[in-house]
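Undergrad: Got a structure for you, written out below as structure tokens; questions coming shortly.
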Amino acid sequence: MKTTIYTLLLSMVCLLFGSCDSEESKLTSCDHSNIGERYQYYSDVFLEALAKSDCEAINEQSEDALEFINANQNCLVIYMVLQEGNNVNDEKEANLIIEDMKSQIQTIQYSCDVENLPVRR
């Protein structure tokens, strides 16, 4: 069942972005275990840094996290939709979550820069 969903989702994304014609497409080379591990890593780092009000850790990781998200957004969408138990049902919902994550990272980073205190919005 997951394979069918993955194939359909990949085909849909290929059609939307026209990226499956190229052998170098990032879309066809998603490493879901690596994407999942890095997604979880950044999530854990930010949750721990927020809990400890650790602006140094937030500032150290923010740019890397944003670069990772931007470079792998299509793979993250696929990962989030296929991951069981996270209640992400479709591409639109995954993209909204990803955009919200980027916005939150920028807001937290800004609050650290301005107030030296991480504040969630």
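A short reminder: the numbers here are calculations on the coordinates, not readings from a lab. Computed from a predicted model, the values in this text were never measured in an experiment. Positions of Cβ are backbone-derived with ideal geometry, glycine not excepted, and every protein chain shown enters the neighbour counts.
Undergrad: Going through segment 40-94 one residue at a time, which ones are more than 16 Å from Cys112 (Cα to Cα), in contact (Cβ under 8 Å) with a residue 24 or more places away in the chain and not in a helix (DSSP H, G or I)?
TA: If the condition is that a residue be more than 16 Å from Cys112 (Cα to Cα), in contact (Cβ under 8 Å) with a residue 24 or more places away in the chain and not in a helix (DSSP H, G or I), then Asn72, Gln83 are the ones that fit.
Undergrad: Being among the charged types (D, E, K, R) and outside any helix (DSSP H, G or I) is the filter here, so list the residues in segment 95-121 that pass it.
TA: Answer for segment 95-121, where residues must be among the charged types (D, E, K, R) and outside any helix (DSSP H, G or I): Arg120, Arg121.
Undergrad: Now, a different point. Among the residues of segment 82-93, how many are over 16 Å from Ser33 (Cβ atoms) and surrounded by 16 or more Cβ atoms within 10 Å (Cβ to Cβ)?
TA: Qualifying residue count, segment 82-93: 2.
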